[in-house]
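Scroll down for the structure; my scribbles are underneath it.
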Amino acid sequence: MAGAAKIRIMLVDDHAVVRAGYRRFLEQEPDYEVVAEANSGEEAYAALQASLPDIVILDLSMPGRGGLATLRRLKARWPLLPVLVFSMHEQAPLVLQAMRCGATGYITKSSEPSLMIRAVRSVLKGEVTLSPDVAGKLAQANSSSSDPMLGLSVREFDVFRMIANGKSHDEIGMLLNLSSKTIANYHSILRQKLGVHTDIELFQLANDCGIVEGAQRPATDVDV
């Protein structure tokens, strides 16, 4: 209907080409409008305060704090804000952590583009929305309790992801506003919970989970 209010969308992804492509696709819908873009969690937080969108479409693989920490921060400030995660990763532990952080939907970048159009409308209605590949992974995980990563808290998983991506205790502490000693304690707890003895094993688990962003090795431990 002419004159009807548009759905205001913010895109958060560190790849400008990806944002540009999905902006064009989304705005083919007559009632969709991309009102803000951001390439990091910090930029997303500032942009959200200025633009106040109806929904945020958020990638999880970003520099700095990363997508999970950004999601948690946005939901802490705007608890009713609908967030749709849009990620290349379909592994159950990462999906579960995103939902625990407050995401209402999670779709993968390998999904049909039309799914995002439908997912935006569903998430705005408060409906939990998953792409078929993600739904399948979660169903498989729920049928088995053998994956220790499913038992990690949101904070533990965040530290796990950062260690696996090569950040030191000091770097993680700065990003999460925690002391390096606290991060070292989390590191020890993670090894116990995940049943590993070295950071090489921890890295391998993270790589299998799909949360390692590059080929770097963990920087917080000595290979043994």
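Being of a type in the set (A, V, I, L, M, F, W, C) and touching a His at 6+ places or on another chain (Cβ under 8 Å) is true for just one of L60, L81, L71. Which residue is that?
Only one candidate qualifies: L60.
When V134, V120, V154 are checked against the criterion of being on the phi < 0 side of the Ramachandran plot and touching a Cys at 6+ places or on another chain (Cβ under 9 Å), a single residue qualifies: V154. Is at least one residue of segment 161-173 among the small types (G, A, S), closer than 19 Å to G67 by Cβ and touching a residue at least 12 places away in the same chain (Cβ under 8 Å)? The answer is yes; a qualifying residue exists. Which residues, counting only those in segment 152-170, are outside any helix (DSSP H, G or I), more than 15 Å from the chain's Cα centre (by Cα) and not aliphatic (A, V, I, L, M)? Across segment 152-170, the qualifying residues are G166, K167, S168.
Return yes or no: is L11 over 28 Å from R155 (Cα atoms) and surrounded by 19 or more Cβ atoms within 10 Å (Cβ to Cβ)? No, not satisfied.
Restricting attention to segment 176-204, the residues that are crowded, with 17+ Cβ neighbours inside 10 Å and either in contact with a helix residue (DSSP H, G or I) (Cβ under 6 Å, 6 or more places away or on another chain) or in contact (Cβ under 8 Å) with a residue 40 or more places away in the chain (or both) total 7. D147 meets the conditions (1) more than 17 Å from the chain's Cα centre (by Cα); (2) farther than 23 Å from A69 by Cα in every case but one. The failed one is (2).
From the list L81, L58, L138, exactly one residue is at pLDDT below 85 and in contact with a strand residue (DSSP E or B) (Cβ under 9 Å, 6 or more places away or on another chain). Which is it?
L138
Under the condition of being β-branched (V, I, T) and within 14 Å of V18 (Cβ to Cβ), the residues counted in segment 106-122 number 2.
The residue that is surrounded by the most Cβ atoms within 10 Å (Cβ to Cβ), among those in segment 18-37 that are of a type in the set (A, V, I, L, M, F, W, C) and over 12 Å from S114 (Cα atoms), is V34.
Quick check: is even one residue across segment 20-34 aromatic (F, W, Y), touching a strand residue (DSSP E or B) at 6+ places or on another chain (Cβ under 7 Å), assigned to a helix (DSSP H, G or I) and under 19 Å from T104 (Cβ atoms)? The answer is yes, given that some residue of segment 20-34 is aromatic (F, W, Y), touching a strand residue (DSSP E or B) at 6+ places or on another chain (Cβ under 7 Å), assigned to a helix (DSSP H, G or I) and under 19 Å from T104 (Cβ atoms). In summary, M149 fulfils each of the numbered conditions (1) crowded, with 21+ Cβ neighbours inside 10 Å; (2) of a type outside the set (D, E); (3) assigned to a loop (DSSP other than H, G, I, E, B) with the single exception of condition (3).
The values are calculated or read from the model by the stated rules, or taken from the named source; none is laboratory data. Everything numeric here is computed off the predicted structure, so don't read it as measured data. Using ideal geometry, Cβ is built from the backbone for each residue, glycine included, and neighbour counts are taken over all protein chains shown.
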